[in-house]
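The values are calculated or read from the model by the stated rules, or taken from the named source; none is laboratory data. What you are looking at is a predicted structure, and each value in this text was computed from that prediction instead of being measured. Backbone-built Cβ (ideal geometry, glycine too); neighbour counts: all protein chains shown.
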Amino acid sequence: MNPSRNLFLIGPTGAGKTSVGRRLAAHYGLSFVDLDREIEHRTGTDVATVFELEGEAGFRQRESALLDEFSAGDGVLLATGAGAVLDPRNRALLAARGYVLWLQADLEQQLQRLARDTQRPLLAGADRRARLEVMAAAREPLYRETADLALPATHGITAICTQAIALIDRHWQRLPLPLPTPSPAA
């Protein structure tokens, strides 16, 4: 959505949404929320355990509820989970409530960045490459549909942030945050 007060990051696993999101939030003076970390905070356990106990459907339900909650705010940079776009209601909320930046990452970048990661339940198993390919085939059209702006894959968080800021500054029509309502005099 343009103009908007919020900035939302979408993209595949390993695209750098959390790392880039923190830097962009600081740069633009936005409150940073990582949706997966917020799920962990609210449940008191990690995402892998939520998947184990509640399955993907339970996790997605939690993800959708928190996406609705945090995307309704003002001045928020929300880093979504890679699969948040699977739910059409999530895509609609993202598109309606903020400016959506798609951080792209090619398969080789994902494999390199996730080489030591053992915490992502959807990547468990022997053939990580095949799993990432299947996820990309299902999700890339949804990222494309939802995004206001796509940032092509590049190497290094600093380079990604520099490119993201340049693109965002050219395209995002940022609305000012609402002024606080004065409290009535006592």
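List of remarks:
- Matching residues in the range 1-27 - criterion: being out of contact with any Ser or Thr (no Cβ under 9 Å at 6 or more places or on another chain), aliphatic (A, V, I, L, M), closer than 16 Å to Gly75 by Cβ and touching a residue at least 60 places away in the same chain (Cβ under 8 Å): Met1, Leu7, Leu24
Residues are listed down the side, and each one gets a yes or a no for (1) part of a helix (DSSP H, G or I); (2) aliphatic (A, V, I, L, M); (3) out of contact with any Asp or Glu (no Cβ under 7 Å at 6 or more places or on another chain); (4) surrounded by fewer than 16 Cβ atoms within 10 Å (Cβ to Cβ):
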residue	(1), (2), (3), (4)
Val20	yes, yes, yes, no
Arg23	yes, no, yes, no
His41	yes, no, yes, yes
Ala57	yes, yes, yes, yes
Arg60	yes, no, no, no
Ala65	yes, yes, yes, yes
Leu77	no, yes, yes, no
Asn90	yes, no, yes, no
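- Search result, residues across the range 1-18 that are hydroxyl-bearing (Ser, Thr, Tyr), under 16 Å from the mean Cα position of the chain (by Cα) and surrounded by 18 or more Cβ atoms within 10 Å (Cβ to Cβ): Thr13
- Some residue of the range 88-97 being modelled with pLDDT of 95 or more, in contact with a Gly (Cβ under 7 Å, 6 or more places away or on another chain) and within 26 Å of Arg174 (Cα to Cα): no
- Residue check, Leu94 in a strand (DSSP E or B) and either in contact (Cβ under 8 Å) with a residue 40 or more places away in the chain or in contact with a Cys (Cβ under 8 Å, 6 or more places away or on another chain) (or both): no
- Residue count for the range 79-88, restricted to those that are touching a helix residue (DSSP H, G or I) at 6+ places or on another chain (Cβ under 6 Å) and either hydrophobic (A, V, I, L, M, F, W, C) or crowded, with 19+ Cβ neighbours inside 10 Å (or both): 5
- Filtered residue count, the range 132-156, keeping only those that are surrounded by 15 or more Cβ atoms within 10 Å (Cβ to Cβ) and of a type outside the set (Lys, Arg): 14
- Summed over the range 159-184, residues that are part of a helix (DSSP H, G or I) and surrounded by 12 or more Cβ atoms within 10 Å (Cβ to Cβ) total 9.
- Summed over the range 134-186, residues that are more than 22 Å from Gly29 (Cα to Cα), touching a strand residue (DSSP E or B) at 6+ places or on another chain (Cβ under 7 Å) and of a type in the set (Asp, Glu) total 0.
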